[in-house]
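Undergrad: Dropping a structure here in structure tokens format, bear with me for questions.
Every read-out reported here was derived from the displayed coordinates using simple, explicitly stated rules and does not represent laboratory data. If you're wondering where the values come from, they're calculated on a predicted model, not measured in any experiment. Methodologically, a virtual Cβ is constructed for each residue, glycine included, from the backbone with ideal geometry; neighbour enumeration extends over all protein chains shown.
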Ligand code: NAD
Ligand code: IPM
Ligand code: MN
């Protein structure tokens with residue numbers, strides 16, 4: 001049978017609560033579906049930083065590279081500035097492992113409907129560019145501490161970087177409803193988005209079977225709430241994709257259920273699976289964080305590893321939970337993180 005090595009980074013805050021619960025679920029699943037998992041744990045986190053002065057050790061990236069996939073909880077806590085924790089752990093992993101696709105499904109689950117008054121059948125995929133764009137470290141403060149003080153932040157949109165994410169999105173669209181939406185802001189204001197649109201149009205000519213549309217990000221934010229059924233695959237830059245991927249889940253059930261995959265499609269480096277949410281310092285330590293976002297991320301990981309049957313079974317069990325009252329407070333239930341994990345294990 002198949003054997004997989006997983007590098008596990010619980011990270012910060014509720015990452016340390018939802019990851020162990022998810023691992024128990026994975027262990028049970030592996031017995032049922034006859035595959036083997038080896039977990040290697042890494043304590044890279046803000047606590048690690050406070051002890052060692054860095055978010056990971058010097059050859060951290062080399063150690064992390066050695067696995068079949070990475071599972072991460074969350075990075076960032078109020079006691080360490082975000083620019084240190086994020087640029088010291090989360091962003092280096094996404095970039096050094098060239099995980100340029102950030103796949104974030106937004107899908108209605110049985111029994112819940114987020115902030116929407118009526119249940120809608122929402123099912124779209126956000127394909128977020130994950131390696132460049134607005135998230136660049138080019139720029140900084142000029143004329144500090146003078147009346148002319150200013151800050152400049154460059155966006156980086158390379159031809160290669162834009163083409164590969166757009167091509168990936170078209171490929172996905174071919175396997176779904178053959179419709180693809182591009183998130184843009186090209187009404188003459190932002191140069192990088194005119195560049196983005198041109199590349200999108202060129203690649204759409206090579207994919208005549210896919211029906212395309214483009215929406216400016218402002219009205220797109222309105223339409224994913226009002227008419228979510230218009231969308232099937234949405235391709236977006238790093239920042240736009242980040243915004244859409246919190247907005248989408250709030251319409252289906254909230255941050256507690258939003259999964260994601262950071263993919264290196266070529267398989268040259270490991271891919272990383274993590275919930276969309278962060279460390280949630282406001283609820284950390286209470287054992288009430290919803291583990292579903294992380295468990296659903298594990299479903300994506302199993303699909304990626306080729307354990308399709310196990311993935312489908314785990315997803316079905318997640319929906320049995322959302323259909324029941326066996327949920328955490330964010331979904332209106334009164335169970336703890338651990339109890340939700342136990343309920344899923346029972347269902348497996
Ligand atoms: P957050 O996602 O941590 O929390 C936002 C809100 O959602 C909070 O009210 C929180 O209680 C709630 N929430 C999040 N996950 C939940 C869950 N599983 N169950 C129930 N409720 C949940 O976002 P934030 O407060 O903006 O950020 C906190 C820290 O996490 C910051 O340091 C931020 O930079 C970091 N962060 C990291 C990641 C990541 O590691 N990928 C993602 C987002 C934020
Ligand atoms: C996410 C997070 C991160 C991002 C932050 C913490 C850097 O918000 O994974 O969505 O913007 O990518
Ligand atoms: Mn985000």
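Undergrad: Please grab the % of Cα pairs in the chain that end up more than 33 Å from each other.
TA: Beyond 33 Å sits 28 percent of the P(r) for the chain.
Undergrad: Take the Cβ-Cβ distance between residue 84 and residue 209 as r, set R0 to 45 Å, and report the resulting FRET efficiency rounded to the nearest 0.05.
TA: 0.45
Undergrad: By what distance, in whole Å, do the Cα atoms of the range 113-252 stretch along each of the three principal axes, largest value first?
TA: For the range 113-252, the Cα spread along each principal axis is 54, 40, 25 Å.
Undergrad: Another one. What distance in nm lies between label points placed 7 Å from Cα along the C-beta direction at residue 175 and residue 246?
TA: 3.0 nm
Undergrad: Per-residue ellipticity at 222 nm for the chain, helices alone: DSSP H runs ≥ 4 residues times -39500 (n - 2.57), over residue total, nearest 500 deg cm²/dmol?
TA: That calculation yields -12500 deg cm²/dmol at 222 nm.
Undergrad: Here is a follow-up. Mind giving me the nanometre distance, one decimal, between the label points for residue 121 and residue 27, set 7 Å out from Cα along Cα→Cβ?
TA: That separation, rounded to one decimal, is 4.0 nm.
Undergrad: Quickly work out the residue 156-to-residue 197 label distance, labels modelled 7 Å from Cα along the C-beta direction, and quote it in nm with one decimal.
TA: Output for this residue pair reads 2.6 nm.
Undergrad: Could you give the length gained by full extension between residue 41 and residue 230, i.e. 0.36 nm per residue of separation minus their alpha carbon distance, to one decimal place?
TA: 63.9 nm
Undergrad: Can you tell me which of 248, 188, 53 moves the most in a GNM of the chain? Springs connect C-alpha atoms under 10 Å apart.
TA: Of 248, 188, 53, the Gaussian network model singles out 188 as fluctuating most.
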